[in-house]
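J.: This is the structure, below, for whatever I ask next.
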Amino acid sequence: MDRKNFLQSTIPLLATTGAFVKDQTRDLESKKFPPYLKPGATIGITCPSGHLKMEEALPCINKMEAWGFKVVPGRTIGIRDFTFAGTDEERARELQQMIDDDGIDTIMLGRGGYGAVRIIDKIDFSKFIKKPKWIIGFSDATVLHLHLNCKLGIPSIHSKMCNSFPEDESTETPEQADSIDSIRRCLLGEKMVYTAPTLQQNRIGISKGRLVGGNLSIIQMLCGSRSQIRTDDTILFIEDVGEYLYKLDGMMWNLLRSGKLNRLKGLIIGAFRIKEDDPGEEFGKSMYEIVMEKVGKFNYPVCFDFPVGHVLVNYGLKCGMMHRLEVKQDSAQLFSLQ
Amino acid sequence: MTILPPYLKKGDTIGLVAPAGYMPEEKFQTCIKTLHDWGFDTELGKTPGHQFHYFAGNDKERTKDLQRMLDNKKIKAILCVRGGYGVGRIIEKLDFSKFMQHPKWLIGFSDITVLHNHIFSKCNVATLHAPMAAAFNDDGFKNEYVKSLYDALTGVKANYATPSHPFNHKGSASGILVGGNLALLSHLVGTSSDIKTRNKILFVEDTGEYIYNVDRMMCQLKRSGKLDGLKGLVVGRFSDMNDTTIPFGQTVEEVIRDIVKEYKYPVCFDFPVGHQDENYALKVGAKYTLNVKASGVTLSES
């Protein structure tokens, strides 16, 4: 699939802490926003899920230092308990410590994989709620995003993590480089503009709402728990990787049947790297058809092929913050309003 | 109490439908013949043998076929020939009002878990989690597991025994049995077909999943409060498990052992229910007693 047109030029806006435009519509449930960073701020790296080698983290560390930040790599980088970056206790302890440490301004997660749900209930967010900081990551980190955005009302950044920074920058496409740079722009508080391809499958419309979402499998598996997604009046975005079409279909039914698609302001479909049907088991519907079948009766805008997900071009998104989605005949864009 | 549909007598008619995946005709012939040998008549729906891509007909066709069997008073039980995927797509389209006036046994497992849970939570009627058509093939119709379906249909109370397992929690408990395929239970959380597990005996089984995914789904059940108030837990078979390139480091049984270690209720592992030959018929919604001892485990209908 061609993913040519992405982020257009963003207008740098030197937002400082608290300099948000307060939205007059039904406001965010967010109690407090993490402050945007200034050059010289400190970013801690921890791995709450899968294990990551130090050499895999280096390109990201170097990049963030080049952006003018100090980087504190956690001890969970380089340690391993089978698939995990340490035992549940080790991973929980370090995440807790970075959350509570006043010397850490922001937390970048090392890698996805699996494991965040095993430790989320061990984390004490009482200090974090009073003094929130940006937590950055995606995929398995959707557990943290939903817990933060929907349970605690604190925004976070859905974006590439340590292991998705290229070792050799000369191999990067401009769009890939731009999507990595979007993390910096998010952290500095720039108002973001994202552009998706114009597709006939899109549903036209303009709307405004808080952005929530992430990995669909994780969204589904948090249903019923205290970290579950709350989608009323939001712009929902979803992405996934390695699932069969029938699994996608089942997960979309779960969202629909549990009332999570009824009262959206908009729907953004990121990259779905679908697992090919087994021979003789062809599902017979495309990803577009599967989605539209569930949301056909609603009126909100729907934007497909948005540059977010398990792909090279995966833009940083400020989850929990107000956005405007504009899906038109000849364009599809998302604007961060805060 | 849950409503138990009337048990079957010789000459009663069993309807066959395929509400999910496609099944070729030759795969359900032994099943039909065995049902006849057991003394039942059968009525073949339009969906078994019919194909629409992956499915045994499109959503409308599958809905219509199952609806007809639900509504037809002459049909005393409905056997789903195959699971796969697809019940979740049609469940909201089904009308159970006639079914509730004259309940009948609905038989199947795997994707049919959607029907078991939906019918139990919406209609308060018991259903049969039991072998489907493929289980009758290759001499399967002779084994005790397929025969347990006959017993269940004709009102013989089940009394299953299985060997002890090192991870078992000893104890005894009575309660209504609910459960089914873990992935489907996970997909139903938050929907109107979701089951309340408080004071119930829960059973789970699955196939073809990654170990980490079983961990994730069990975490979901736990975090959504579905494991706290159980009377007992029956861990069925988890067949054909996949592991990631970097091994997860635990077997499925170890994963579940760790997730339920804090609970005091009886837990039994490796119970013969799941996607392999050893798959006893269980009545979802009926009352059972689970007895987990050092010498072995029994699960019997109260």
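J.: Which residues in region A:281-309 place their backbone N less than 18 Å from a point set 7 Å from the Cα of A:Asn262 along the Cα-to-Cβ direction?
T.: Residues passing the 18 Å test: A:294-300.
J.: Considering only Cα-Cα distances, which of the following residue pairs are longer than 27 Å: A:Lys265/A:Lys328; A:Lys38/A:Lys160; A:Lys275/B:Lys33; A:Lys127/A:Lys208; A:Lys260/B:Lys283; A:Lys260/B:Lys122?
T.: A:Lys275/B:Lys33; A:Lys127/A:Lys208; A:Lys260/B:Lys283
J.: Classify chain A: rounded, prolate or oblate, from the alpha-carbon gyration tensor (a ≥ b ≥ c, eigenvalue square roots; a/c under 1.5 rounded; otherwise prolate if a/b is larger than b/c)?
T.: rounded
J.: Taking the convex hull of the alpha carbon atoms in region B:86-156, what volume per residue do you get, in Å³?
T.: 92 Å³
J.: Here's a follow-up. Near A:Val241, within a Cβ-to-Cβ distance under 10 Å, what is the net charge of the other residues, with Lys and Arg +1 and Asp and Glu -1?
T.: Neighbourhood net charge equals -1.
J.: Separate question: Under a crude label model (7 Å from the Cα following the beta-carbon direction), how far is B:Glu92 from B:Asn124 in nanometres?
T.: 2.6 nm
J.: Working from the pairwise distances between different alpha carbons, so that the mean of 1/r is found and then inverted, what is region A:59-108's Kirkwood radius in Å?
T.: 12.0 Å
J.: Jot down the per residue volume, in cubic angstrom and as a whole number, of the convex hull over the alpha-carbon atoms of region B:117-175.
T.: Each residue corresponds to 160 Å³ of Cα convex hull volume.
J.: Please identify the trypsin sites (Lys or Arg not before Pro) of region A:137-240 that satisfy two criteria: DSSP loop assignment and at most 15 other Cβ atoms within 10 Å. Which are they?
T.: A:Arg226, A:Arg230
J.: Charges at C-beta only: +1 for Lys and Arg, -1 for Asp and Glu. How large is the resulting dipole of the protein assembly as shown about its Cα centre, in Debye rounded to 20?
T.: 2720 debye
J.: Whole-Hz ³J(HN,Hα) for each residue in region A:282-290, computed from phi via Karplus 6.51 cos²θ - 1.76 cosθ + 1.60 with θ = phi - 60°, x for glycine and proline: what do you get?
T.: Each residue of region A:282-290 in turn: 4, 6, x, 10, 7, 4, 4, 5, 4 Hz.
J.: Still on this structure: Using Cα-Cα distances under 8 Å and only pairs 6 or more residues apart, what relative contact order does chain A have, in percent?
T.: 21 percent
J.: Evaluated at 10 °C with a viscosity of 1.306 mPa s, what Stokes-Einstein diffusion coefficient in µm²/s does region A:243-338 have when Rh comes from the Kirkwood expression over alpha-carbon pairs?
T.: D = 107 µm²/s.
J.: Next question. Which order do the peptides B:227-233, A:317-323, B:283-289 take when ranked by the mean count of other beta-carbon atoms within 10 Å per residue, highest first?
T.: A:317-323, B:283-289, B:227-233
J.: Let me check against my output: what whole-number percent is the relative contact order of chain B, with C-alpha pairs under 8 Å and at least 6 apart?
T.: Reported relative contact order: 20 percent.
J.: Quick one: what do you get for region A:181-300 if you divide its Cα Rg by 2.2 N^0.38 Å?
T.: For region A:181-300, the normalised Cα radius of gyration comes out at 1.13.
J.: Given only helices, namely DSSP H runs of n ≥ 4 each adding -39500 (n - 2.57), what is the per-residue ellipticity at 222 nm of chain B, to the nearest 500 deg cm²/dmol?
T.: About -7500 deg cm²/dmol.
J.: Subtract the Cα-Cα distance of A:Ala177 and A:Glu276 from 0.36 nm times their separation in residues, and report this length gain in nm to one decimal.
T.: That pair, A:Ala177 and A:Glu276, stretches by 32.7 nm at full extension.
J.: Could I ask something else about it? So what is the calculated 222 nm ellipticity per residue for chain A, using -39500 (n - 2.57) for each DSSP H run with n of 4 or more, over all residues, to the nearest 500 deg cm²/dmol?
T.: My calculation for chain A gives -7000 deg cm²/dmol from helical runs alone.
J.: What residue among A:Tyr300, A:Tyr246, A:Tyr315 shows peak mean-square fluctuation when chain A is described by a Gaussian network model with Cα springs under 10 Å?
T.: A:Tyr246
J.: Give the distance, in whole Å, between the Cα centre of region A:202-242 and the Cα centre of region B:168-221.
T.: Their Cα centres are 25 Å away from one another.
J.: Further question: Hey, could you pull the Cα Rg and Dmax for region B:137-218, both in Å?
T.: Calculated on Cα positions, Rg and Dmax stand at 15.8, 41 Å.
J.: Pull up the DSSP beta bridges for chain A and report the antiparallel fraction as a percent, rounded to 5.
T.: 45 percent
J.: Something else now. Using Cα centres only, tell me the gap between region A:122-198 and region A:268-332 in whole Å.
T.: Here the answer is 19 Å between Cα centres.
J.: Decide, for region B:78-226, between rounded, prolate and oblate: order the square roots of the alpha carbon gyration tensor eigenvalues as a ≥ b ≥ c, take rounded if a/c falls under 1.5, and otherwise choose prolate if a/b is larger than b/c, else oblate.
T.: Rounded is the answer for region B:78-226, as its axis ratio a/c remains below 1.5.
J.: Can you tell which of B:Phe96, B:Phe136, B:Phe28 shows the greatest fluctuation in a Gaussian network model of chain B with Cα springs below 10 Å?
T.: B:Phe96
J.: What is the Å³ per residue value for the convex hull set by the Cα atoms of the protein assembly as shown?
T.: Spread over its residues, the Cα hull of the protein assembly as shown gives 148 Å³ apiece.
J.: How would chain B be classified by its alpha-carbon gyration tensor: rounded, prolate or oblate, with rounded meaning a/c under 1.5 and the a/b versus b/c comparison settling the rest?
T.: prolate
J.: In whole Å, how far is the Cα centre of region B:104-154 from that of region B:1-78?
T.: 11 Å
J.: What would the Debye equation give as log₁₀ I(q)/I(0) for region A:40-181 at q = 0.15 Å⁻¹, counting only Cα atoms as equal point scatterers?
T.: -0.69
J.: Report the residue, chosen from A:Thr46, A:Thr76, A:Thr195, that carries the largest GNM mean-square fluctuation when chain A is represented by alpha-carbon nodes joined by springs under 10 Å.
T.: A:Thr195
J.: Cysteines without a disulfide-compatible partner in chain A, using Cβ under 4.7 Å as the rule?
T.: For chain A, the answer is A:Cys47, A:Cys150, A:Cys186, A:Cys223, A:Cys303, A:Cys319, because their Cβ atoms have no other cysteine Cβ under 4.7 Å.
J.: How much net charge surrounds A:Ser49 when only the other residues with a Cβ under 10 Å from the Cβ of A:Ser49 are counted, with Lys and Arg +1 and Asp and Glu -1?
T.: +2
J.: What list of ³J(HN,Hα) values in whole Hz, one per residue of region B:124-134 in order, does the Karplus curve 6.51 cos²θ - 1.76 cosθ + 1.60 (θ = phi - 60°) give from phi, with Gly and Pro shown as x?
T.: Once rounded to whole Hz, the list reads 6, 10, 6, 10, 10, 7, 7, x, 10, 4, 4.
No value in this document is a laboratory result; all are computed from the given coordinates. Note that the structure is predicted; figures quoted are calculated from it, not measured. Methodologically, a virtual Cβ is constructed for each residue, glycine included, from the backbone with ideal geometry; neighbour enumeration extends over all protein chains shown.
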